[in-house]
Amino acid sequence: MKRLFDAIPVDAEAEERGWTVVRAAFAAREPRVRRSRRLVPAIVVVAAAVLAATLSSPGRAVVNAVRRSIGVEGAQTALFRLPAPGRLLVSGAGGTWVVSADGSTRRLGAYSQASWSPHGIYVVAASRDELAAIEPSTGEIHWQIARPTISSPRWGGSRTDTRIAYFTEQRLHVVAGDGTDDTRLPPSRRVVPAWQPGTNEHVLAYVDVRGRLTIFNPDRGVVSRLSAPYGGVRDIAWSSDGRTIALAAAHEVVVFTVSDGRARSVRVTGVRAVAFAADGRLALLRGNGVLLLSHGRVRTLFVAPSRPAGIAWSPDGRWLLSSLPLADQWVFVQTRGARRVLAVSHIRRQFGGEPSLDGWAPSA
Amino acid sequence: MASERRERALVRDAQRGSVEAFEQLFRSHWPRAYRAALLVVGDAAAAEDIAQESFLAAVRALDRFDRRRPFGPWLHRIVVNRAIDWSRARHLRRETFADGPEPAAAERESPGRAQALAAGLAALHPEQRAVIVLRYLLEYTPGEIARILDLPRGTVNSRLRRGLDRLQEAVRE
């Protein structure tokens, strides 16, 4: 029997794939090392010197001057309230937080990424090895599953039947809203997937290994390609009516109409993120700017003093939020009527680390 | 004895951050980890995932690993328990694969008796498959299997007996 067992072929490619993943995990781990005893006093002295310089008034002046040059002037010193109704979800080194319109915050746990369920009733949150469905008002965990190296959870579906997509180190997965029926998709690019809103079907858009916009229906197990390959795809986003989907590639932004597969391309290079407002305007994050694409025309909404990261539309589509990590600020830009810019400082202090913007949902 | 010493040295070097040492551990244990998972779950893609996740678990726990213990049984414990969990979960809920499940390597490529053996194994309960794999592929004693699976030794023996009987029937047919 042993001979027969040993005769089972081992797929060399599987071994190489395995080693690639395991080597990356090994490289990312920090081996336990003993610090040189001589080094410790030196580190303490340097840290004390830096702290003293910062706390002294000339030091503080330098820090403030740097902040001014990379941030928005006149920023509030803390987030007192959101400028629009709704609840904001953010995650980072300090965990996952829900921010209410009145500025109150609730920490949901030590998760690094999260997203709202389709109607903002629940939150799906991911730590490195765990995916959890959470009640945002209480922090109660409804279910959790363990997987290695989870990232980019996204929840979609109707009120009665939902699905969650997430990445593990190697693959995109889809699991039912109750944490069962885990399905592994064919290999894909690590572009955050997006569920089609406004439909009773479950339709997930993702980018396959060749850079093609691809649609997966987990109910039927059907995969279909929506586009030719694109280079350097950074982000995809559905419009809120689920009729169009935008793709940010290296040299263009392409908007597809799902019903007939028609594609409209706009030449804008280096777009890092795209997000639709409820009324169909598309926000683009590019360089230091936030642009708006509407009726085929691109205009600049806001240019920040430093590079913004992430965009979130308020549920009423009047405000757009982006963060300026270098300046430790959030910037709310009014997109209708008079252009107003509200900046808030000391974000890291409020959330225990730099948070990413995971979504702005309507009030409960 | 020399190979045990050598493995201990590799674990020590890996704990100190040597990727070469960990690669040697990976290369020497991957085939058995993969085959063991494949025989328990009967699905090549799942076996690859299980073997890979087991090594990832090993990486995460490497600093806590006691070098006086052998690396193999520690890894095989992770592999086999994950494979049993996977099989139980699949039994309870339907899994759909977008591209269709891949056939098990043994089914696909080994003719004759190996095919009958693979079919016989597939007909066993995952717990029976696990003890057969631990005993006859990884060559652990029933006492060691009992420790690996946290089972009474009598349970291991009875699962082995029943599993072997059913396998013999399958191969004879």
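The values are calculated or read from the model by the stated rules, or taken from the named source; none is laboratory data. Keep in mind that this is a model prediction, so the values were computed, not measured. Cβ placement follows ideal geometry from the backbone for every residue including glycine, while neighbour counts extend to all protein chains displayed.
Note on region A:133-148: residues that are within 13 Å of another protein chain (Cβ to nearest Cβ) and out of contact with any Ser or Thr (no Cβ under 7 Å at 6 or more places or on another chain) total 2.
Okay, residues lined up against (1) crowded, with 20+ Cβ neighbours inside 10 Å; (2) facing chain A (nearest Cβ under 8 Å):
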position	(1), (2)
B:Asp13	no, no
B:His29	yes, no
B:Val59	yes, yes
B:Arg64	no, no
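Only one entry in A:Pro136, A:Pro187, A:Pro197, A:Pro193 is of a type outside the set (Asp, Glu), in contact with a Lys or Arg (Cβ under 6 Å, 6 or more places away or on another chain), modelled with pLDDT of 85 or more and at negative phi, namely A:Pro193. With a requirement of 1 or more residues that are more than 15 Å from the chain's Cα centre (by Cα), the strands (runs of 3 or more DSSP E) lying completely within region A:98-201 that satisfy it span A:105-109, A:130-134, A:141-146, A:151-157, A:162-167, A:172-176. Of A:Ser306, A:Ser259, all but one fail to be hydroxyl-bearing (Ser, Thr, Tyr), at pLDDT below 95 and closer than 21 Å to A:Leu342 by Cα; the exception is A:Ser306. Here's a check for you: in region A:175-203, which residue that is under 19 Å from A:Asp358 (Cα atoms) and touching a Leu at 6+ places or on another chain (Cβ under 8 Å) is nearest to the other protein chains (Cβ to nearest Cβ)? The selected residue is A:Pro193.
The criterion of at least 3 residues that are in contact (Cβ under 8 Å) with a residue 12 or more places away in the chain is met by the following strands (runs of 3 or more DSSP E) wholly inside region A:206-306: A:213-217, A:235-238, A:244-248, A:253-257, A:263-266, A:271-276, A:282-286, A:289-294, A:297-303.
Among the candidates A:Ser314, A:Ser323, A:Ser356, the residue that is free of Cβ contacts under 8 Å to residues at least 40 places away in the same chain, surrounded by 16 or more Cβ atoms within 10 Å (Cβ to Cβ) and closer than 23 Å to A:Ser152 by Cβ is uniquely A:Ser323.
Residues are listed down the side, and each one gets a yes or a no for (1) under 20 Å from A:Pro315 (Cβ atoms); (2) of a type outside the set (D, E, K, R); (3) touching a residue at least 60 places away in the same chain (Cβ under 8 Å):
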residue	(1), (2), (3)
A:Ser91	yes, yes, yes
A:Asp102	yes, no, no
A:Arg106	yes, no, no
A:Gly120	yes, yes, yes
A:Asp129	no, no, no
A:Trp143	no, yes, no
A:Leu172	no, yes, no
A:Thr183	no, yes, no
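Those helices (runs of 4 or more DSSP H) of region B:1-119 in which at least 2 residues are at pLDDT 85 or above, considering only elements entirely within it, cover B:2-15, B:19-41, B:44-61, B:71-92.
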